[in-house]
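To start, the structure under review is shown below, and the notes come after it.
The values are calculated or read from the model by the stated rules, or taken from the named source; none is laboratory data. Since the model is a prediction, treat every value here as computed from it, not as a measurement. A quick note on method: Cβ atoms are made from the backbone with ideal geometry, for glycine too, and the neighbour counts reach across all protein chains shown. Quick note on the areas: whole protein, heavy atoms, side chains included, nothing else; ligands and nucleic acids left out. Shrake-Rupley method; radii C 1.70, N 1.55, O 1.52, S 1.80 Å.
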Amino acid sequence: MTALLDVRNLRTTFRTEDGPVTAVNGLSFSIEKGETLGIVGESGSGKSVTALSIMRLLSRNATMRADAITFGGENLLRKSEAEMRKIRGRRIAMIFQDPMTSLNPVLTIGEQIAEAVRLHFGVGRSESRRRAAQMLEKVRVPAAADRLDDYPHQFSGGMRQRVMIAMALSCSPELLIADEPTTALDVTIQAQILELMNDIQRETGAAIILITHDLGVVAEVCRNVLVMYGGNLVEYGTAEQIFEEPRMPYTQGLLASLPRLDQRERRRLVPIKGQPPNLLRLPAGCAFAPRCAYRMPICDEPVPLYDFGEGHVARCFLYDERAKSQRPIEVTSAVLVAPSTT
């Protein structure tokens with residue numbers, strides 16, 4: 001099946017006073033129609049910058065390069081800014097991380113949703129307003145028509161997130177990028193938002209990229225999972241493969257720090273010690289090596305992806321024949337989870 005979105009060797013850097021910061025470092029992945037892909041990792045791993053790079057919404061101090069970013073058979077890198085404006089919102093939509101800062105505080109909710117409809121479909125104000133009311137009803141905002149003239153501050157956090165989803169879906173996009181859509185919401189509202197996104201995906205057939213640090217959310221809604229560290233992919237597979245047979249020590253560290261309801265025995269949660277890599281000075285080898293208990297001399301070399309079959313890949317030298325004769329280097333702050341080498 002042809003991928004809806006195919007990203008090849010994406011690299012995004014930011015110019016700073018201290019030097020270039022490499023936020024995304026050679027990332028490649030794809031997503032098919034109707035699929036939900038979860039992108040997970042610690043803060044600073046490059047998740048949000050990846051989304052902004054695809055949308056071409058980077059700040060002026062950013063430089064983006066890639067072999068290709070193909071969407072619907074077209075290379076987005078070859079599109080002009082005017083052409084990208086027609087794609088954003090209409091074919092690719094994004095739910096930003098903080099709805100309170102993403103919504104315009106001086107415009108009504110109805111006007112902000114209707115504006116996108118008018119821009120992409122060329123309809124009048126009455127028709128765009130009717131469409132806005134329909135979208136608010138679809139995301140289950142009570143008394144939707146009566147709330148069109150309310151302002152963002154008159155909505156709760158959960159309702160503002162619903163408004164953001166309504167705005168993103170108002171033009172029936174083919175791809176929805178959701179950047180931490182449940183952050184700062186209580187678990188009840190979080191479950192409602194996730195259920196809402198699943199329902200809308202079933203209705204429209206849209207693909208969803210879900211960016212989150214919450215592995216519980218990933219387990220519930222994602223078919224495939226991409227784990228990022230230091231701006232690059234370190235493991236990729238189905239949700240079942242990632243949760244049941246994680247291959248990369250970083251992925252195992254994330255899972256070890258997560259409470260599990262499917263395990264009867266009591267066990268202590270093990271945090272990942274140490275700090276994420278300095279993006280000003282990324283190493284040539286494994287970026288996770290300084291925090292990994294299984295660091296070996298070979299880890300200072302560039303790490304390839306190792307294929308474990310059925311689409312499951314991981315970036316770790318533990319599965320390289322050359323590493324069998326090497327002893328681990330002692331690391332003072334390391335993940336204390338033994339990876340499987342079977």
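Got a sec? What order do K324, K273 fall in by accessible area at 1.4 Å, biggest, i.e. largest, first?
Numbers: K324 150, K273 100 Å².
Descending accessible area places them as K324, K273.
For the pair R266 and N61, label points projected 7 Å from Cα toward Cβ lie 5.0 nm apart. Within the same chain, lysines fewer than 8 places from K79 are excluded, and of the rest, those with a Cα less than 27 Å from its Cα are K33, K47.
Would you mind calculating the relative contact order of the stretch 96-206 from Cα pairs under 8 angstrom and at least 6 residues apart, reporting the percent as a whole number? Could you put the intermediate results ahead of the total?
Working: 121 pairs, mean separation 36.0, N = 111.
32 percent.
Within the shell of other residues whose beta carbon sits under 15 angstrom from the beta carbon of Q201, the net charge comes to -3, with Lys and Arg scored +1 and Asp and Glu -1.
Report the extension gain between H153 and R8 in nm, rounded to one decimal, defined as 0.36 nm multiplied by the number of residues separating them, less their alpha carbon distance. Numbers along the way, then the final one.
Values: separation 145, 0.36 × 145 = 52.20 nm, distance 4.05 nm.
Separation in residues times 0.36 nm, less the Cα-Cα distance, equals 48.2 nm.
What part of the accessible area of the chain, given as a whole %, is carbon or sulfur when the probe is 1.4 angstrom?
Numbers: 8330 of 16820 Å².
Here it works out to 50 percent.
Find the Rg to Rh ratio for the chain, where Rh is the Kirkwood radius over alpha-carbon pairs and Rg uses the same atoms. Walk me through the intermediate numbers first.
Working: Rg = 21.3 Å, Rh = 21.4 Å.
That ratio equals 1.00.
Karplus-based coupling profile of the stretch 57-69, in residue order and whole Hz: 10, 7, 6, 5, 8, 9, 10, 10, 9, 6, 5, 5, 10, with θ = phi - 60° in 6.51 cos²θ - 1.76 cosθ + 1.60 and x standing for Gly or Pro. Across the stretch 4-95, C-alpha contacts under 8 Å between residues 6 or more apart give a mean separation that, scaled by the residue count, equals a relative contact order of 34 percent.
Among the trypsin sites (Lys or Arg not before Pro) in the stretch 20-129, those located in a DSSP loop and surrounded by at most 13 other Cβ atoms within 10 Å of their own Cβ are R60.
What number in nm² do you get for the stretch 65-210 if you take the convex hull of its Cα atoms and divide its surface by four?
Values: hull surface 37.3 nm².
Across all orientations, the stretch 65-210 yields a mean hull projection of 9.3 nm².
Among the protein heavy atoms, those of F121 account for about 100 Å² of accessible surface (1.4 Å probe, every chain in place). Structural descriptor for the chain: relative contact order 19 percent, calculated from alpha carbon pairs under 8 angstrom and at least 6 residues apart. Model label points for R223 and R15, set 7 angstrom from Cα along the Cα-to-Cβ axis, are 4.2 nm apart. Taking every protein chain into account, the 1.4 Å probe leaves M55 with about 10 Å² of accessible area, to the nearest ten.
Applying both filters, DSSP loop and at most 11 other Cβ atoms within 10 Å, to the GluC sites (Glu not before Pro) of the stretch 273-330 gives E310, E330.
For the chain, what is the accessible area per residue in Å² when the probe is 1.4 Å? The partial results should precede the final answer.
On the way: 16820 Å² over 342 residues.
Per residue, the chain has 49 Å² of solvent-accessible surface.
Of all aspartates and glutamates in the structure, those lying under 19 Å Cα to Cα from K138, and not within fewer than 8 positions of it along the same chain, are E111, E115, E127, D146, D149, D150, E174, E195, D199, E203. Backbone geometry of the stretch 224-238 corresponds, through the Karplus equation with coefficients 6.51, -1.76 and 1.60 at θ = phi - 60°, to 3J(HN,Hα) couplings of 10, 10, 10, 9, 10, 8, x, x, 9, 6, 10, 7, 8, x, 5 Hz, x marking Gly and Pro.
PRE reach from V123 (point 7 Å along Cα→Cβ): which of the stretch 163-202 fall under 16 Å by backbone N? The answer is 166-173.
Helix by helix through the chain, keep the DSSP H runs that span 24 Å or more along the axis on Cα and average at least -0.5 on Kyte-Doolittle, and give those back in order. Answer set is 187-204. When its C-alpha radius of gyration is set against 2.2 N^0.38 Å (N residues), the stretch 163-292 gives a value of 1.20.
Stretch S30-R322 to full length: gain in nm at 0.36 nm per residue minus the Cα-Cα span? Present the calculation step by step, with values, prior to reporting the outcome.
Values: separation 292, 0.36 × 292 = 105.12 nm, distance 3.02 nm.
Residue separation times 0.36 nm, minus the Cα-Cα distance, leaves 102.1 nm.
Other residues within the sphere of radius under 9 Å centred on the Cβ of G237, judged by their own Cβ, net out at -3 (K and R +1, D and E -1).
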